[in-house]
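*Asks:* Following this message is one structure expressed as structure tokens.
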Protein chains: 2
Amino acid sequence: MALLTKQSVGCTAAPLRHKPQRLPSVAVRCAAATEQSVLKVSRNENFGKLQAGYLFPEIARRRRAHQEAHPDAQIISLGIGDTTEPLPQYIADAMAKAAAGLGTREGYSGYGAEQGQGALREALASTFYPGMVAADEVFVSDGSKCDISRLQVMFGADKSIAAQDPSYPVYVDTTVMMGNTGTHNGTGFDGIEYMVCTPENNFFPDLAKTKRTDIIFFCSPNNPTGAAATRGQLKQLVKFARDNGSLLVYDAAYALYISNPDCPKTIYEIEGADEIAIETCSFSKYAGFTGVRLGWTVVPKKLRYADGSSVHADWNRMMTTCFNGASNIVQAGGLACLQPEGLKEMYGLINFYKENATILKNTFQEMGFSVYGGEDAPYVWVGFPGKPSWDVFAEILEKCNIVTTPGSGFGPAGEGFVRASAFGSRDNIMEAVRRFKEVYGKQ
Amino acid sequence: MALLTKQSVGCTAAPLRHKPQRLPSVAVRCAAATEQSVLKVSRNENFGKLQAGYLFPEIARRRRAHQEAHPDAQIISLGIGDTTEPLPQYIADAMAKAAAGLGTREGYSGYGAEQGQGALREALASTFYPGMVAADEVFVSDGSKCDISRLQVMFGADKSIAAQDPSYPVYVDTTVMMGNTGTHNGTGFDGIEYMVCTPENNFFPDLAKTKRTDIIFFCSPNNPTGAAATRGQLKQLVKFARDNGSLLVYDAAYALYISNPDCPKTIYEIEGADEIAIETCSFSKYAGFTGVRLGWTVVPKKLRYADGSSVHADWNRMMTTCFNGASNIVQAGGLACLQPEGLKEMYGLINFYKENATILKNTFQEMGFSVYGGEDAPYVWVGFPGKPSWDVFAEILEKCNIVTTPGSGFGPAGEGFVRASAFGSRDNIMEAVRRFKEVYGKQ
């Protein structure tokens with residue numbers, strides 16, 4: 001069986017770069033495994049194009065391996081960007097109450113609207129998009145990651161895609177899964193328009209050199225660089241999308257972390273965005289809902305495909321057919337987040353993580369590193385020029401017992417950086433700082 | 001604006017049967033709307049193939065219209081199949097406790113494994129598949145509907161698909177969305193292999209006449225007919241899939257409603273199924289989790305695509321990339337369902353709804369209708385030969401103020417039937433029975 005598994009892995013890996021039918025040698029290598037396969041169903045070739053595992057499970061795997069090799073190591077994770085602080089009381093209580101209420105006839109509810117509860121849609125619209133977005137343009141979901149994947153299904157398999165480089169890996173991975181790319185060429189995927197964001201361009205892409213695509217994924221404040229686009233930059237971006245007739249998917253998952261008054265918290269502050277932009281957002285990093293699961297996506301009714309048909313109508317069809325609504329218990333939590341008491345608690349959490357970001361940023365600055373982000377976002381982006389990110393990741397894990405995220409995991413232009421997440425208890429952040437200084441402070 | 005909307009609707013409807021570029025008349029009709037469209041992005045043509053709205057929102061729309069026309073009507077829903085009874089105490093308490101626990105440092109958790117919590121995967125495997133399925137072959141999710149849609153993304157856009165007719169609309173709709181069909185030909189979609197299930201064939205398809213497809217969707221006990229396949233039938237089905245090298249997606253969402261000892265509760269009871277079958281299941285109809293959202297999908301490691309590569313590995317990639325785990329609060333509820341106390345409560349709920357099904361079935365039988373299902377499933381399938389289902393639906397809504405589901409909504413072979421769901425309070429079921437007898441009892 002072990003042998004068979006090895007052979008199968010060989011077969012799995014092979015289609016990464018070639019079509020099997022052109023490669024008799026692969027056919028020979030796969031013969032044993034093929035004999036074992038009862039199914040005459042071909043693998044979705046787009047899955048064969050994907051690189052290794054999804055980034056964060058891969059990091060978790062390496063962390064486990066390190067822990068096994070060093071059972072006594074007190075590992076601190078500044079890796080995946082996972083919230084650590086307990087839910088604020090008012091918000092946790094609202095969900096506990098909703099759950100207990102389901103045990104009563106008055107409090108019970110079954111299927112809700114797939115688009116989300118009316119009250120929550122109203123509260124999201126009025127809290128985050130007053131005068132900009134109507135309640136029925138807000139679709140509640142189980143999170144942005146899931147919505148991005150559903151958006152790709154709605155867009156279909158004949159679209160060209162641009163994404164910031166570096167960026168949250170889900171934009172590119174789901175593009176590959178839908179068949180909208182070629183294979184990986186060693187640096188990136190053929191067919192993706194990588195919008196390079198580096199210190200040299202102040203983390204805003206050179207739009208004059210950016211090719212027109214159907215869809216543009218843009219995240220601000222950016223994960224992983226922590227850069228928040230200014231009003232002027234977003235005006236350029238919206239103009240670029242409008243001039244090209246491109247649909248902008250604007251990921252605002254970290255918008256409430258913005259301090260800079262010149263950086264809008266939603267794309268709909270920019271004139272004309274409501275005809276070209278979809279915005280995704282999430283309670284994950286606002287209210288510590290990473291494990292609770294709640295997000296939303298705004299699809300303005302003004303969005304029309306080239307044939308004049310409504311994007312909103314297709315998104316509604318997508319959500320009603322492929323989704324069944326976010327959990328009613330969790331939606332009660334979302335609604336609590338948007339009450340005066342809940343908002344206060346939520347901003348309290350955000351400020352706590354922002355303080356962590358400041359501490360981390362200052363630490364790296366003091367040690368003389370080139371460091372970015374950390375002011376309008378919970379991520380600090382640290383440069384290790386000339387060093388492969390995975391090597392830096394491995395070194396920090398080995399020497400400091402700290403998990404970071406290698407920049408190259410976010411795209412080719414992330415090479416030479418690592419991302420440090422500000423999500424952690426204060427004790428852990430201070431201990432991480434101590435270890436960083438001990439190892440890197442003297443360099 | 002109203003005018004623009006009308007024009008746009010015209011444009012939306014047009015691509016249902018034609019490619020726009022071949023139809024200058026469509027281009028002319030769309031001109032006004034096209035001028036309004038900033039986007040130069042083409043609509044996903046597969047969405048244009050879909051029929052009207054997804055079935056259940058359409059029923060909800062008609063219900064609302066009826067209520068508006070008859071504000072005093074006390075409408076009873078035997079329509080969507082939505083659970084009505086409060087959650088049992090032990091299960092509700094577990095979720096309330098988990099939610100409250102998130103407000104404490106000890107009880108807080110962030111991102112969990114995308115595949116589900118280890119303890120829940122273990123409990124699902126040992127409770128429902130002892131000796132058949134390993135814990136890491138069970139993937140926890142936010143529900144079967146969502147998993148079916150994700151399965152389609154994993155299968156990709158070059159697959160041929162068979163589905164029972166009638167069947168849960170999501171199999172066909174998601175197949176259309178992925179581009180694996182032609183257009184709707186007035187009866188069904190070109191390219192779908194409809195496996196007709198009627199009283200004439202005892203609701204089991206004639207496999208000798210069924211064309212080979214890559215994927216077979218099969219739901220037992222069946223939604224909407226209520227028919228549960230026997231061991232002998234499932235052996236035929238597994239043999240058919242194995243002989244054809246087809247991948248069987250077995251939807252067992254109602255398995256615990258089975259009374260007939262000759263009907264297996266999982267496809268993995270059938271020898272050889274573990275090399276060809278994926279099984280989806282859900283807590284929705286077991287524990288009243290329709291609004292709470294929790295399901296699971298079993299992907300055995302033995303499943304190999306034709307090239308020998310692992311289906312399990314691709315599903316793992318799918319779930320880690322396009323999903324972020326079911327809510328931690330909700331998973332605590334799922335785990336509670338599988339403890340001795342929770343199992344007792346869950347079976348109590350199921351038996352309650354089964355009694356409802358018996359009451360409905362007996363009522364229709366007494367009135368002389370041809371009625372099926374209702375013994376191994378929470379659905380009663382009532383024949384109105386020669387009458388269009390939507391007309392029967394409208395008549396029952398008009399005369400009885402009762403919402404049912406028109407059989408044709410589940411596929412062409414559902415024409416002439418309506419589905420009555422057994423999900424309702426006992427009072428509502430008895431009142432529905434009274435109204436049915438009043439209107440149809442004398443015929």
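*Asks:* Net charge near residue B:388: determine it from the other residues with C-beta under 14 Å of the C-beta of residue B:388, scoring Lys and Arg +1 and Asp and Glu -1. Write down the numbers at each step before the final one.
*Replies:* On the way: positive: B:387; negative: B:391, B:395, B:415.
Charge balance in the 14 Å sphere: -2.
*Asks:* While we're here: If you take the charge dipole of the protein assembly as shown about its Cα centre, with +1 on Lys and Arg Cβ and -1 on Asp and Glu Cβ, which of A:179, A:261, B:401 is farthest toward its positive end?
*Replies:* The listed residue farthest towards the positive side: A:179.
*Asks:* Within 10 Å of each Cβ of A:351-360, how many other protein chain Cβ atoms are there on average?
*Replies:* 0
*Asks:* Within 10 Å of each Cβ in A:237-250, how many Cβ atoms from other chains are there, averaged over the peptide?
*Replies:* For this peptide, the per-residue mean of nearby foreign Cβ atoms is 2.
*Asks:* Additional query: Largest first and in whole Å, what are the equivalent-ellipsoid semi-axes of the protein assembly as shown based on the Cα gyration tensor, each being the root of 5 times an eigenvalue?
*Replies:* 43, 30, 29
*Asks:* Placing unit charges on C-beta atoms (Lys and Arg positive, Asp and Glu negative, everything else neutral), compute the dipole magnitude of the stretch A:89-339 about its Cα centre in debye, rounded to 20.
*Replies:* 220
*Asks:* Copy-to-copy spacing for residue A:45, label 7 Å out on the Cα-to-C-beta vector, in nm, shortest first?
*Replies:* 2.0
*Asks:* Same structure, new question: Hey, what does the equivalent ellipsoid look like for the stretch A:112-199, semi-axes from the Cα gyration tensor as sqrt of 5 times each eigenvalue, largest first, whole Å?
*Replies:* Taking √(5λ) for each eigenvalue gives 32, 16, 10 Å, largest first.
*Asks:* Of A:72, B:376, which has the most accessible area with a 1.4 Å probe, and how do the rest follow in descending order?
*Replies:* My answer, sorted largest first, is A:72, B:376.
*Asks:* Net charge near residue B:402, counting Lys/Arg +1 and Asp/Glu -1 over other residues with Cβ under 13 Å of its Cβ?
*Replies:* Neighbour charge sum, excluding residue B:402 itself: +3.
*Asks:* Shifting gears a bit: Starting from a label point 7 Å past Cα on the Cβ side, list the distances from residue A:206 to the same position in the other copies, nm, shortest first.
*Replies:* 6.8
*Asks:* Quick one: order B:206, A:147 from most to least accessible surface, probe 1.4 Å.
*Replies:* Largest accessible area first, the residues go B:206, A:147.
*Asks:* Follow-up question, since we're still on this one. Using a 1.4 Å probe over the heavy atoms of the protein chains, calculate the carbon and sulfur portion of the accessible area of chain B as a whole percent.
*Replies:* Solvent-exposed carbon and sulfur of chain B make up 52 percent of the total.
*Asks:* Cβ neighbours within 10 Å, averaged per peptide: list A:190-203, B:217-230 in order, most packed at the top.
*Replies:* B:217-230, A:190-203
*Asks:* Over chain A, what is the percentage of antiparallel beta bridges among all DSSP beta bridges, to the nearest 5?
*Replies:* If I count the DSSP bridges inside chain A, around 50 percent turn out antiparallel.
*Asks:* Compute, for the protein assembly as shown, the length of the dipole vector about the Cα centre, with Cβ point charges of +1 (Lys, Arg) and -1 (Asp, Glu) only. Units Debye, rounded to 20.
*Replies:* Computed charge dipole of the protein assembly as shown: roughly 1240 debye.
*Asks:* Any idea how far apart residue B:211 and residue A:365 come out in nm if each label point goes 7 Å out from Cα toward Cβ?
*Replies:* Roughly 6.7 nm, to one decimal.
*Asks:* How much accessible area per residue does chain B have, counting only protein heavy atoms and a probe of 1.4 Å, in square angstrom?
*Replies:* Dividing the accessible area of chain B by its residue count gives 36 Å².
*Asks:* While we're looking at this one, here's another question. Which residues of the stretch B:86-129 bury at least 50 Å² of accessible area once all protein chains are present, versus their chain alone (1.4 Å probe)?
*Replies:* Flagged in the stretch B:86-129: B:86, B:103, B:105, B:108, B:111.
*Asks:* If you put +1 on each Lys and Arg Cβ and -1 on each Asp and Glu Cβ, how big is the dipole of chain A around its Cα centre, in Debye rounded to 20?
*Replies:* Once rounded to the nearest 20, the dipole reads 1020 debye.
*Asks:* Over both sides of the B-A contact, add up the buried accessible area with a 1.4 Å probe and give it to the nearest 100 Å². Intermediate values should be presented prior to the final figure.
*Replies:* Working: alone 20020 and 20050 Å², together 31840 Å².
That pair hides around 8200 Å² of surface in total.
*Asks:* From the label point of residue A:271, set 7 Å from Cα along Cα→Cβ, how far away are the matching label points in the other copies, in nm, ordered shortest to longest?
*Replies:* 7.6
*Asks:* If eta is 0.692 mPa s and T is 37 °C, what Stokes-Einstein diffusion coefficient results for chain A, Kirkwood Rh from Cα pairs, in µm²/s?
*Replies:* Rounded to a whole number, D works out at 141 µm²/s.
*Asks:* Other chains' Cβ within 10 Å of A:140-148 residues: what's the mean? Write out the running numbers ahead of the final one.
*Replies:* Numbers: counts 0, 1, 10, 5, 1, 7, 6, 1, 2.
Averaged over the peptide's residues, the number is 4.
*Asks:* When chain A is treated as a GNM, springs tying every alpha-carbon pair under 10 Å, which of A:251, A:307, A:93 comes out with the largest mean-square fluctuation?
*Replies:* Among A:251, A:307, A:93, the largest mean-square fluctuation in the Gaussian network model of chain A belongs to A:307.
*Asks:* Then there's this: Among bridges DSSP assigns within the protein assembly as shown, what percent are antiparallel (round to 5)?
*Replies:* Beta bridges within the protein assembly as shown, antiparallel portion: roughly 50 percent.
*Asks:* Which of the peptides A:378-386, A:328-336, A:98-106 is most tightly packed, and how do the rest follow, going by the mean number of other Cβ atoms within 10 Å of each residue?
*Replies:* Details: A:378-386: 21.4, A:328-336: 26.7, A:98-106: 19.0.
In descending order of packing, they fall as A:328-336, A:378-386, A:98-106.
*Asks:* While we're here: Per residue, how big is the convex hull of the stretch B:89-339 when only Cα atoms are used? Give it in Å³.
*Replies:* Enclosed volume per residue, from the Cα hull, is 131 Å³.
*Asks:* Something else about it: Of all DSSP beta bridges located in the stretch B:89-339, what percent are antiparallel, nearest 5?
*Replies:* Of all bridge pairs located within the stretch B:89-339, approximately 35 percent are antiparallel.
The values are calculated or read from the model by the stated rules, or taken from the named source; none is laboratory data. Since we're looking at a predicted model, the values are computed, not measured. In this analysis, Cβ positions are derived from the backbone assuming ideal geometry, glycine residues included, and neighbour counts consider all displayed protein chains. These accessible areas exclude ligands, DNA and RNA; they are computed on the full protein's heavy atoms, side chains included. Shrake-Rupley method; radii C 1.70, N 1.55, O 1.52, S 1.80 Å.
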